[in-house]
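Okay, structure first, notes after.
Read the figures in this text as sums done on the coordinates, not as results from a lab. Given the structure is predicted, the values throughout are model-derived calculations rather than measurements. Note that each Cβ is placed from the backbone with ideal geometry, even for glycine, and that neighbours are counted across all protein chains shown.
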Protein chains: 2
Amino acid sequence: MGRWPEFVQIKEVGPRDGLQNEKQRISTADKVHWINTLSESGVKEIEYSSFVHPKWVPALSDAHEVGRRIRRNPDVRYSALIPNMKGLELALEAGIDGASVFMSASETHNRKNINKTINETYPVLQEVIQEAKNAGKHVTGYVSTVFDCPYEGKITPEQVTRVCERLAEFGVDDISLGDTIGTAVPSQVDQLLDEVLEQFPHEKVIMHFHDTRGMAIANIMRSMEYGITRFDSSIGGLGGCPYAPGAAGNVATNDVLYLLNGLGIDTGMDEKKLQEAALFIQSKLGKTLPSKSLAYAASQS
Amino acid sequence: MGRWPEFVQIKEVGPRDGLQNEKQRISTADKVHWINTLSESGVKEIEYSSFVHPKWVPALSDAHEVGRRIRRNPDVRYSALIPNMKGLELALEAGIDGASVFMSASETHNRKNINKTINETYPVLQEVIQEAKNAGKHVTGYVSTVFDCPYEGKITPEQVTRVCERLAEFGVDDISLGDTIGTAVPSQVDQLLDEVLEQFPHEKVIMHFHDTRGMAIANIMRSMEYGITRFDSSIGGLGGCPYAPGAAGNVATNDVLYLLNGLGIDTGMDEKKLQEAALFIQSKLGKTLPSKSLAYAASQS
């Protein structure tokens, strides 16, 4: 049987990837209170917002103000999604420790999402990555649709590694591989990681699963058997799937933590504090979040 | 990396384990229509009801009538939950191919659930098993709380194997090991199967996971790496957790099938027909079932 690591690092992406897919708007004051609570959970990294133009992501149009108002815990890396130099400028003003750049392994998804071909995207990201590194920031390269694309279907591991190689050349510190539409099963994780880990040491690879079909926890287990120790997740499973109203989005941090605690893997995180943060945002959204372990815990309190 | 089997057999327990935990009553006519639809899904076994006294499980008080009215597909084994000789008599009249007897690995859970100690339960089950075998029926022994008990906490693999050994002596054809409160993570599956598979060939072992904390699919993956090829599941994730209002119950057949199809494992089952049966019962219950892959599929149709 495969073994798993002693320590796993979770990046909380709820304030960015979660909220950007929620219809109900959250006030800036509530976001700040919520991110401050998350900052006390022991989590090591929080992606607190996105500096994509507000026209595209209106739910996060207060990224600058949120960045200025949150209380910074020195043990937490605060990162944000950065699409271009204008976004980077604003983010540096607002305060970031990490910049997340993004593109797709699928040509069509990249065009629909970024309005550029993959080849047109590279120079934009290259400049952002280099400037962010010059400013002393950690840079993560998100690659989305690494298993399946809602427009093109299957994406090959070679399509993914081609993009990863370029991002690595530009100087990213690590790459986050996204199952954007939550279709993958563990055999697809095998196929992808067999290729990617030929190129990159496992410490530089983050897996970013969506739980749209309930497969994310099994995929995380599988990734850990490959030595992967870093995962993105969203508190309570906050956020939906832009391709399917009502369907689940990011894997829930609470479910990931339940798994890791059960396996005896250290995360440094406090389940109770996380639950507090999840119940807070759940009450503000006025709907039940999809995390099953959160629903269970809430029923017991 | 662990490998997985070529064929997996699913037992649909929604009409029994699912419905018995639902507050909303379903009419006999609707149950019959629904089970008939399930019978066309390619599933090889359906647990269609329970012959426990209606005082304990009022939702299934029409077990006898359901058994008489459903259309029998010769490729499906129709089984029912049988607590004692009176239940067996009624079930044989109504028509069963399989009898499922049940007890707990936990002394306290057994007493709370069956109102007998483990030692008092054995002779009752022994008689039912022998009479069911004499009548030419397949007999499955359910063992519940095989990982954790809501009253006693951790249950050791030895407590489980002790019960399994007795049931095997009495003549059950196979045993179904239940994560009754849905607490297990894959390392607990390892610990249990390391012991159980010393005693029983993997063909005789069925795993019965609840998805209360979202771990069931990962646990099924793990079980398949041990050679387990038989799983119980409930359509749409129908049914709750009697210990936690609002929390999820049995793992959803739809999610299990999504996983197995993705891995290229044959089940003989038709996803569309299953979805039809899930949407039918969802509409009758008037609430969204917990299966994530069902929610996704429903959003697309």
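Over the Cα atoms of region B:1-56, each weighted equally, I'd like the Debye log10 I(q)/I(0) at q = 0.20, 0.22 Å⁻¹, rounded to two decimals.
One equal scatterer on each Cα of region B:1-56 leads to -0.80, -0.91.
At B:Lys23, with labels set 7 Å past Cα in the Cβ direction, how many nm apart are the copies from this one, shortest first?
Copy-to-copy label distances for B:Lys23: 2.5 nm.
Beyond 15 Å, what share of the Cα-Cα pairs of region B:130-222 remains, rounded to the nearest whole percent?
Numbers: 2494 of 4278 pairs.
When every Cα pair of region B:130-222 is considered, 58 percent fall beyond 15 Å.
Based only on other Cβ atoms within 10 Å, what is the fewest-to-most ordering of A:Met85, A:Met221?
The order, fewest Cβ neighbours first, is A:Met85, A:Met221.
Sorted by average packing, counted as other Cβ atoms within 10 angstrom per residue and highest first, what order do A:67-74, A:56-63 take?
A:56-63, A:67-74
Provide A:Ser301, A:Ser291, A:Ser27 in ascending order of the number of other Cβ atoms located within 10 Å of each residue's Cβ, fewest first.
Values: A:Ser301 7, A:Ser291 31, A:Ser27 10.
In increasing order of surrounding Cβ atoms, one gets A:Ser301, A:Ser27, A:Ser291.
Hey, got the average number of other protein chain Cβ atoms within 10 angstrom for residues in B:205-212?
Per residue, the number of nearby Cβ atoms from other chains is 1 on average.
Could you work out the equivalent-ellipsoid semi-axes for region A:1-153, taking the square root of 5 times each eigenvalue of the Cα gyration tensor, largest first, in whole Å?
Semi-axes from the Cα gyration tensor: 24, 20, 17 Å.
Along Cα→Cβ at 7 Å, what distances in nm separate the A:Pro74 label point from those on the other copies, shortest first?
For A:Pro74, the other copies' label points sit at 7.8 nm, shortest first.
How would you rank A:Asp17, B:Asp97, going from fewest to most other Cβ atoms within 10 Å of each one's own Cβ?
B:Asp97, A:Asp17
Which lysines have a Cα less than 20 Å from the Cα of B:Lys137, not counting those fewer than 8 places away in the same chain?
Straight-distance partners of B:Lys137: B:Lys11, B:Lys44, B:Lys86, B:Lys204.
Between chain B and chain A, with a rotation axis joining them, whose C-beta in B is nearest that axis, and what is the whole-Å distance?
That would be B:Ala218, 2.
Enter the mean number of other protein chain beta carbons within 10 Å of the beta carbon of each residue in A:295-301, as an integer.
Counting Cβ atoms of other protein chains within 10 Å of each residue's Cβ and averaging gives 6.
Considering just Cα atoms, how many Å³ per residue does the convex hull of region A:197-277 enclose? Please list the in-between numbers first.
Values: hull volume 8.7 nm³, N = 81.
Per residue, the Cα convex hull of region A:197-277 comes to 107 Å³.
Give me a single rounded figure for A:213-226: the average over its residues of other chain Cβ atoms within 10 Å of their Cβ.
Values: counts 13, 19, 9, 4, 11, 11, 3, 1, 8, 4, 0, 1, 4, 1.
Averaged over the peptide's residues, the number is 6.
Between A:Thr117 and A:Arg71, what FRET efficiency comes out of the Förster formula 1/(1 + (r/R0)^6) with R0 = 60 Å and r the beta carbon distance, rounded to 0.05? All intermediate terms of the calculation are to be shown ahead of the outcome.
On the way: r = 41 Å, r/R0 = 0.68.
Efficiency computed from Cβ-Cβ geometry: 0.90.
Placing a label point 7 Å from Cα toward Cβ, how far apart in nm is B:His202 from its equivalents in the other copies, listed shortest first to one decimal?
Ordered by increasing distance: 2.3 nm.
Which semi-axis lengths, in whole Å and largest first, follow from the square roots of five times the eigenvalues of the Cα gyration tensor of the protein assembly as shown? Walk me through the numbers on the way to the answer.
Values: eigenvalues 430, 100, 99 Å².
In descending order, the three semi-axes are 46, 22, 22 Å.
What is the packing order of peptides A:122-128, A:228-234, B:188-194, B:115-121, taking the mean over residues of other C-beta atoms within 10 Å and listing the highest first?
Top to bottom by mean Cβ count within 10 Å: A:228-234, B:188-194, A:122-128, B:115-121.
Quote the Stokes-Einstein diffusion coefficient, in whole µm² s⁻¹, for region A:121-176, based on the Kirkwood radius over alpha carbon pairs, a temperature of 20 °C and a viscosity of 1.002 mPa s. Walk me through the intermediate numbers first.
Numbers: Rh = 12.0 Å.
For these conditions, the coefficient is 179 µm²/s.
Which semi-axis lengths, in whole Å and largest first, follow from the square roots of five times the eigenvalues of the Cα gyration tensor of region A:63-215?
In descending order the semi-axes read 26, 17, 15 Å.
Alpha carbon centre of region B:275-300 versus region A:139-209: separation in Å?
If we compute the Cα centre of each part, the gap is 32 Å.
Compute from the Cα atoms of chain A the Rg and the Dmax, the latter being the longest Cα-Cα distance, and quote both in angstrom.
Expressed in Å, the Cα Rg and Dmax of chain A come to 17.6, 52.
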